[in-house]
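Engineer: Pasting a structure below so you can have a look.
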Amino acid sequence: MKYTGRVWKFGDHIDTDVIIPARHLTTSDPKELGSHCMEDADPDFVKKVHKGDIIVAGRNFGSGSSREHAPIAIKAAGISCVIAENFARIFYRNAFNMGLPIFESPEAAQTIKTGDVVVVNAETGLIEDRTLKKKFQAEPIPPFMQELIDDGGLVAHINKKAQGPEPKVQGQKSKR
Amino acid sequence: MSQTITEKILAAHAGVKTVHPGQLIEARVDLALANDITAPIAMEVFYKASGKKVFDPKKVVLVPDHFVPNKDIAAAEQCRKMRLFAREQKLTHFFELGEMGVEHALLPEKGLVLPGDLVIGADSHTCTYGALGAFATGVGSTDLGAAMVTGQTWLKVPETIKLVYRGRPRPWVSGKDLILYTIGDLGVDGARYQAMEFSGPALAGLSMADRFTMANMAIEAGAKNGIFEPDDSTMAYVRERSKKKGKILHSDPDAQYRETRYYDLSSIEPQVAFPHLPENTRPISKVGKVPIDQAVIGSCTNGRLEDLRIAARVLKGHQVAKGVRLIIIPATPWIYQQAMSEGLLDIFLKAGGVISPPTCGPCLGGFMGILAQGERAISTTNRNFVGRMGHPGSEVYLASPAITAASAVLGSIGPVEALPRLKKVRSL
């Protein structure tokens with residue numbers, strides 16, 4: 001899977017309160033959460049983001065609360081993936097469980113700027129800044145994790161597995 | 001093989017003799033906890049994962065404490081979902097208003113966590129229970145929902161940082177000051193993905209309340225868990241609250257640590273964390289003039305009876321400065337009652353403070369003490385991130401109950417010693 005998008009750059013220690021402030025946590029509706037994503041760092045963020053855009057940040061992205069609403073909000077705002085120097089522990093786990101691809105690369109995080117067009121190849125871990133014409137290497141996402149992300153997160157992934165493969169009938173589309 | 005207390009607990013719950021840092025294990029959980037923010041998603045996960053019955057209705061604990069007493073209709077709906085789930089699943093430990101308290105003060109108080117236990121909670125401050133010699137860590141709702149089905153979770157064994165505390169504490173220095181100092185030293189990601197083991201001769205003199213405060217804030221250094229080895233104080237605390245004793249484990253003398261850091265208490269002043277990170281700590285003597293609009297004493301960090309006693313000692317006979325709002329939140333109904341019978345609430349009211357029912361409200365900017373733009377609060381809570389207590393243009397300073405109470409009287413952040421001497425000071 002390749003993720004291509006314009007970059008929105010943030011600094012170190014972007015915490016879960018900034019990603020989605022607690023005042024909005026009386027709901028778990030992705031649309032509602034997405035509409036407030038990053039609003040305490042940039043009130044207009046959601047208005048400016050295009051589907052597929054990429055967040056690039058510094059150290060310790062996602063620190064603070066265990067709220068899964070954070071990766072949900074990022075995804076629902078239209079962000080395709082997050083690149084950071086590194087991620088806080090609980091967020092790291094939550095991001096994959098929610099199907100939000102994340103990549104660690106200190107070099108990429110330090111070099112890439114807001115507005116750059118970046119392509120991330122999840123399979124190889126290659127991050128390419130097309131604006132700066134620079135390449136960076138992150139840890140690739142192994143196929144089983146990519147499948148989990150493509151399914152939309154851990155629960156959807158497990159359910160799909162539990163249901164087994166789509167029935168294939170020749171010349172006829174599956175009705176499911 | 002020599003092991004740390006964290007490794008021993010993880011090994012015991014994975015059903016193996018030893019584990020090593022970096023190893024992935026599947027571990028049995030003794031308790032799975034969620035609150036009114038995280039439980040609704042965990043319950044969805046539970047049902048989607050074809051869960052019909054929780055693995056053990058005695059081991060799934062639900063505490064609606066964040067937006068409770070319900071702040072609005074949406075909050076009420078979240079709690080209703082939890083209530084229905086608790087009834088359907090016949091959960092032993094669902095805490096309705098009246099018995100509900102701030103979760104991380106409530107569970108130890110009810111004797112639900114024992115030394116040697118493995119606890120996961122869909123709340124980052126679940127690490128608090130490390131004070132009892134348990135392995136406790138925060139997870140997301142999905143992991144919690146899965147654990148509600150299976151009674152298990154997967155974990156990566158963390159490396160451990162050993163923190164050794166020695167020497168005698170200065171006046172008014174509490175567990176909060178020690179942990180703020182430690183986070184100032186380590187940085188907010190200094191213990192990322194690791195265990196923090198609190199150790200050293202000075203800890204024997206610390207109350208359980210102080211230890212809960214320190215373990216509580218391990219996550220503020222990025223740690224997976226913070227842990228104390230059980231001692232006589234731990235056992236006395238547990239004996240009063242549970243018939244069971246738990247499993248008393250200690251780190252082996254030659255256990256492997258990622259690093260060891262030493263702290264001399266005689267050189268640590270009361271600490272204040274400046275906005276907007278818990279690592280921005282300064283000793284009280286270097287704070288300068290910082291006027292405040294609000295002071296908050298409460299939360300899973302410092303809403304215990306011992307904290308309220310300290311606050312009352314400082315506030316007795318004094319008045320909150322004009323223009324300052326003081327909010328005091330006993331963390332559980334039991335603490336509330338004790339504080340009342342000891343006369344602490346009387347002192348707070350006479351000083352001009354307001355007393356809130358148990359809730360996490362103000363700590364996370366939920367309700368009951370939201371800051372307006374440009375306002376500044378000193379608080380005994382655990383986070384001072386941008387917008388944490390309200391408007392993104394407001395500021396939160398973190399400190400101990402003593403410093404917070406003194407600051408409420410002074411009108412700006414300052415030490416207890418700066419308070420005017422009272423003519424008649426009767427002991428509490």
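The values are calculated or read from the model by the stated rules, or taken from the named source; none is laboratory data. Quick caveat: nothing in here was measured; it's all calculated off a predicted structure. Counting neighbours? That spans all protein chains shown, and the Cβs are built from the backbone with ideal geometry, glycine included.
Engineer: Are any residues in segment A:71-89 within 14 Å of chain B (Cβ to nearest Cβ) and either among the hydroxyl-bearing types (S, T, Y) or within 10 Å of the chain's Cα centre (by Cα) (or both), and if so, which ones?
Structural biologist: A:P71, A:I72, A:A73, A:I74, A:K75, A:A76
Engineer: Same structure again: Please determine, by comparing only the residues of segment B:338-365 that are out of contact with any helix residue (DSSP H, G or I) (no Cβ under 9 Å at 6 or more places or on another chain) and not in a loop (DSSP other than H, G, I, E, B), which one is nearest to B:L398 (Cα to Cα).
Structural biologist: Top of the filtered list is B:G361.
Engineer: Moving on to the next point. Looking only at segment A:90-103, count how many residues are under 20 Å from B:I219 (Cβ atoms) and within 12 Å of another protein chain (Cβ to nearest Cβ).
Structural biologist: 9
Engineer: Another one. With the requirement that a residue be under 18 Å from B:S141 (Cα atoms), surrounded by 21 or more Cβ atoms within 10 Å (Cβ to Cβ) and out of contact with any Cys (no Cβ under 8 Å at 6 or more places or on another chain), what does segment A:1-27 give you?
Structural biologist: Listed by number, the residues that qualify are A:D15, A:T16, A:D17, A:P21, A:A22, A:L25, A:T26.
Engineer: Does segment B:52-61 contain at least one residue that is surrounded by 22 or more Cβ atoms within 10 Å (Cβ to Cβ), within 14 Å of chain A (Cβ to nearest Cβ) and touching a residue at least 40 places away in the same chain (Cβ under 8 Å)?
Structural biologist: No, segment B:52-61 has no match at all.
Engineer: Quick one: is B:L107 away from chain A (no Cβ under 14 Å), outside any loop (DSSP other than H, G, I, E, B) and closer than 27 Å to B:R388 by Cα?
Structural biologist: Yes, satisfied.
Engineer: B:V386: at pLDDT 95 or above, more than 14 Å from chain A (Cβ to nearest Cβ) and not in a helix (DSSP H, G or I), yes or no?
Structural biologist: When the stated conditions are applied, B:V386 does not pass them.
Engineer: If the requirement is being within 14 Å of chain A (Cβ to nearest Cβ), within 30 Å of B:P230 (Cβ to Cβ) and touching a Leu at 6+ places or on another chain (Cβ under 7 Å), which of these qualifies: B:A27, B:A32?
Structural biologist: Of the residues listed, the single one that is within 14 Å of chain A (Cβ to nearest Cβ), within 30 Å of B:P230 (Cβ to Cβ) and touching a Leu at 6+ places or on another chain (Cβ under 7 Å) is B:A32.
Engineer: Now, a different point. Can you pull out the residues in segment B:129-144 that are within 13 Å of chain A (Cβ to nearest Cβ) and in a helix (DSSP H, G or I)?
Structural biologist: B:S141, B:T142, B:D143, B:L144, listed by residue number.
Engineer: Is it true that some residue in segment B:311-326 is within 13 Å of chain A (Cβ to nearest Cβ), closer than 30 Å to A:H36 by Cβ, more than 17 Å from the chain's Cα centre (by Cα) and surrounded by fewer than 23 Cβ atoms within 10 Å (Cβ to Cβ)?
Structural biologist: no
Engineer: Hey, another quick one. Could you figure out which of (1) surrounded by 24 or more Cβ atoms within 10 Å (Cβ to Cβ); (2) at pLDDT below 95 isn't true of B:T150?
Structural biologist: (1)
Engineer: Something else: Which residue pairs have Cβ atoms under 7 Å apart, sit 6 or more places apart or on different chains, and have a first residue in segment B:262-286 that is outside any helix (DSSP H, G or I) and a second that is among the hydroxyl-bearing types (S, T, Y) and surrounded by fewer than 19 Cβ atoms within 10 Å (Cβ to Cβ)?
Structural biologist: Between residues of segment B:262-286 that are outside any helix (DSSP H, G or I) and residues that are among the hydroxyl-bearing types (S, T, Y) and surrounded by fewer than 19 Cβ atoms within 10 Å (Cβ to Cβ), the close pairs are B:E269/B:S285.
Engineer: Ok, one more. Go through B:G98, B:G116, B:G51, B:G121 for me and flag whichever is under 13 Å from B:T332 (Cβ atoms) and out of contact with any Ser or Thr (no Cβ under 7 Å at 6 or more places or on another chain).
Structural biologist: Result of the check over B:G98, B:G116, B:G51, B:G121: B:G98.
Engineer: Would you please list the contacts, defined by Cβ atoms under 6 Å and residues six or more apart or on different chains, that run from a residue in segment A:1-30 that is free of Cβ contacts under 8 Å to residues at least 60 places away in the same chain and within 10 Å of another protein chain (Cβ to nearest Cβ) to a residue that is polar (S, T, N, Q) and part of a loop (DSSP other than H, G, I, E, B)?
Structural biologist: Qualifying pairs under 6 Å: A:H13/A:N60.
Engineer: Just wondering, is there one or more residues in segment B:223-237 that are in a loop (DSSP other than H, G, I, E, B), among the basic types (K, R) and at pLDDT 95 or above?
Structural biologist: yes
Engineer: OK, next. For segment B:35-51, does any single residue satisfy the condition of being under 30 Å from B:K162 (Cβ atoms) and surrounded by 24 or more Cβ atoms within 10 Å (Cβ to Cβ)?
Structural biologist: No; the residues of segment B:35-51 include none that is under 30 Å from B:K162 (Cβ atoms) and surrounded by 24 or more Cβ atoms within 10 Å (Cβ to Cβ).
Engineer: Let me ask something else about it. Looking only at residues in segment B:145-165 that are more than 11 Å from chain A (Cβ to nearest Cβ) and not in a strand (DSSP E or B), which one is farthest from B:L106 (Cα to Cα)?
Structural biologist: For segment B:145-165, the residue satisfying everything is B:E159.
Engineer: Search segment B:171-205 for residues being at positive phi and more than 14 Å from chain A (Cβ to nearest Cβ), and hand back the single one that is surrounded by the fewest Cβ atoms within 10 Å (Cβ to Cβ).
Structural biologist: The residue in question is B:G200.
Engineer: Oh, and also: May I ask you to list the residues in segment A:98-123 that are over 20 Å from A:E85 (Cβ atoms) and surrounded by fewer than 18 Cβ atoms within 10 Å (Cβ to Cβ)?
Structural biologist: Result: A:V117, A:E123.
Condition check ((1) in contact with a strand residue (DSSP E or B) (Cβ under 8 Å, 6 or more places away or on another chain); (2) farther than 30 Å from B:A75 by Cα; (3) among the β-branched types (V, I, T)) across all residues:
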| position | (1), (2), (3) |
| --- | --- |
| B:N384 | yes, no, no |
| B:G387 | no, no, no |
| B:H391 | yes, no, no |
| B:I403 | yes, yes, yes |
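Engineer: If B:R168 satisfies every condition in (1) more than 14 Å from chain A (Cβ to nearest Cβ); (2) surrounded by fewer than 24 Cβ atoms within 10 Å (Cβ to Cβ); (3) assigned to a helix (DSSP H, G or I) but one, which is the exception?
Structural biologist: (3)
Engineer: Okay, moving on. For segment A:124-140, give me each residue that is on the phi > 0 side of the Ramachandran plot and surrounded by fewer than 14 Cβ atoms within 10 Å (Cβ to Cβ).
Structural biologist: Hit for segment A:124-140 is A:K133, nothing else.
Engineer: Output the residue which, of all residues in segment B:73-90 that are in contact (Cβ under 8 Å) with a residue 24 or more places away in the chain and at the interface with another protein chain (Cβ under 9 Å from one of its Cβ atoms), is farthest from B:P358 (Cα to Cα).
Structural biologist: So, considering only residues that are in contact (Cβ under 8 Å) with a residue 24 or more places away in the chain and at the interface with another protein chain (Cβ under 9 Å from one of its Cβ atoms), the one farthest from B:P358 (Cα to Cα) is B:Q78.
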